[in-house]
1. Compute the label zone of residue 114 within segment 60-89: residues whose backbone N is under 12 Å from the point 7 Å along Cα-to-Cβ.
2. Can you put 84, 28 in order of Cβ neighbours within 10 angstrom, beginning with the fewest?
3. Show that you can apply the helix-only estimate: for the chain, add -39,500 (n - 2.57) for every DSSP H stretch of four or more residues, divide by all residues, and state [θ] at 222 nm to the nearest 500.
4. Among rounded, prolate and oblate, which fits the chain when a ≥ b ≥ c are the square roots of the eigenvalues of its C-alpha gyration tensor, a/c under 1.5 means rounded, and a/b larger than b/c means prolate?
5. With springs connecting C-alpha atoms under 10 Å apart, model the chain as a Gaussian network and identify which of 90, 73, 65 has the largest mean-square fluctuation.
6. Using Cα springs under 10 Å in a Gaussian network model of the chain, which residue among 116, 15, 34 shows the largest mean-square fluctuation?
7. Which residues does the label zone of residue 140 cover in segment 96-122, counting backbone N under 12 Å from a point 7 Å along Cα→Cβ?
8. If I stretch the segment between residue 57 and residue 13 completely, what's the gain in nm (0.36 nm per residue apart, minus their alpha carbon distance), one decimal?
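Coordinate-derived values only; no laboratory data. Quick caveat: nothing in here was measured; it's all calculated off a predicted structure. Methodologically, a virtual Cβ is constructed for each residue, glycine included, from the backbone with ideal geometry; neighbour enumeration extends over all protein chains shown.
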């Protein structure tokens, strides 16, 4: 497994990966067909330092990602908002843990103080991963997700970097 930052010439592949993960996971925010690829915006956000994207590769194939969006406003610029996805056939192989370690190291190097994310409360595997990696539950967004005719909660989770 290789974990590294996304290269400029890989943005289209990254976008295809996100769409594929949307299609196979009920826990991604976007449903099938909702995500519109935006390679130009992604490249612009990376160039101006507002987005960091790490990818996981297995045998040269992109199988997972972790994006970290930096707030542009000064009062909250010390925070990165994380979003992550891994292909279902690669779950349970330590890819999520490796991606989180990579972004945390990079965040520390950038002087970031806080990492934060939202996760569907029903996604107990992801919740367990985040807890294992030092995130804490900070709040609940009640009925924030509507899926299959049912409302459910999202958890707000955060980690303070020393």
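1. Answer for segment 60-89: 71, 75-81.
2. 28, 84
3. That comes out to -9000 deg cm²/dmol.
4. Rounded.
5. 73
6. The residue with the greatest mean-square fluctuation here is 34.
7. Those under the cut-off are 121-122.
8. Working it through step by step, the gained length comes to 14.7 nm.
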